[in-house]
Amino acid sequence: MGFFDTFGNIAVITAAAGMILYAVIKGVPVFDTFLDGAREGLQTAFRIAPALAALMLCVSMVRASGLPDAAEQWLSPLTGTLRLPSETVPLMLLRPISGSGALAVVRQIFTDVGPDSYAGRVASVMMGSTETTFYTVTVYYGSVGIQKTGCTIPAALTADLTGMLFAALTVTLLLQA
């Protein structure tokens with residue numbers, strides 16, 4: 001085990017012990033508070049479970065339909081104009097829906113063309129500069145019982161699209177010199 005692993009483990013244990021000690025000094029019933037938090041977490045999990053199940057079904061349907069591969073072919077003229085590697089089109093479709101699906105696409109890009117390729121670098125920057133929008137909205141809005149998302153999803157998808165387009169620009173300007 002390296003220095004940073006050991007330091008990280010010690011830091012986590014020290015922080016947890018420090019919080020417990022502080023709570024005890026302040027007279028907080030630590031175990032009861034912990035149980036209340038765990039109960040609240042389970043209630044939240046049960047409340048958002050239907051929405052998460054629907055989201056996972058949608059992700060599976062999109063992947064099984066072959067839509068990402070077809071979109072890659074259909075959008076290749078546009079992606080070429082925008083200097084977006086065509087390999088990243090499936091990533092652009094799945095990233096707002098599923099982090100694990102997007103990660104599988106990135107792994108496939110790395111396998112096919114390499115992590116240091118232009119497509120691999122753009123995919124890496126896309127993963128870091130975008131969000132699993134639908135998952136995040138489902139979890140956070142579902143946990144507090146909000147039914148109507150208003151402008152949240154259009155605004156978040158616009159931010160994702162901006163991140164994806166600027167990923168290619170950033171890689172072109174900074175890493176392809």
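Rule-based calculations on the coordinates, nothing more; no lab input. Worth saying up front: this structure is predicted, and the values here are computed from it rather than measured. Cβ placement follows ideal geometry from the backbone for every residue including glycine, while neighbour counts extend to all protein chains displayed.
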Work out from phi, with θ = phi - 60° and the Karplus expression 6.51 cos²θ - 1.76 cosθ + 1.60, the ³J(HN,Hα) of each residue of region 114-119, listed in order in whole Hz, and give x for Gly and Pro. x, x, 8, 6, 4, 5
Let me know the charge dipole size of the chain about its Cα centre in debye, to the nearest 20, where only the beta-carbon of Lys, Arg (+1) and Asp, Glu (-1) is charged. 260 debye
With r defined as the distance between the Cβ atoms of Asp5 and Leu52 and R0 fixed at 41 Å, what FRET efficiency is calculated, to the nearest 0.05? 0.80
Lys and Arg at +1, Asp and Glu at -1: neighbours of Ser100 with Cβ under 15 Å from its Cβ sum to +2
Just checking my list (i) -0.51, -0.60, -1.17, -1.31; (ii) -0.77, -0.85, -1.11, -1.16; (iii) -0.58, -0.67, -1.16, -1.25 against log10 I(q)/I(0) by the Debye sum over Cα atoms at q = 0.12, 0.13, 0.18, 0.19 Å⁻¹ computed from this structure; which label fits? (ii)
Computed over the chain, the relative contact order (Cα-Cα under 8 Å, seq sep at least six) in percent reads 21 percent
Rounded to whole Hz and in sequence order, give me ³J(HN,Hα) for region 75-83 from the Karplus expression 6.51 cos²θ - 1.76 cosθ + 1.60, θ = phi - 60°, writing x for Gly and Pro. 8, 4, x, 5, 5, x, 5, 8, 6
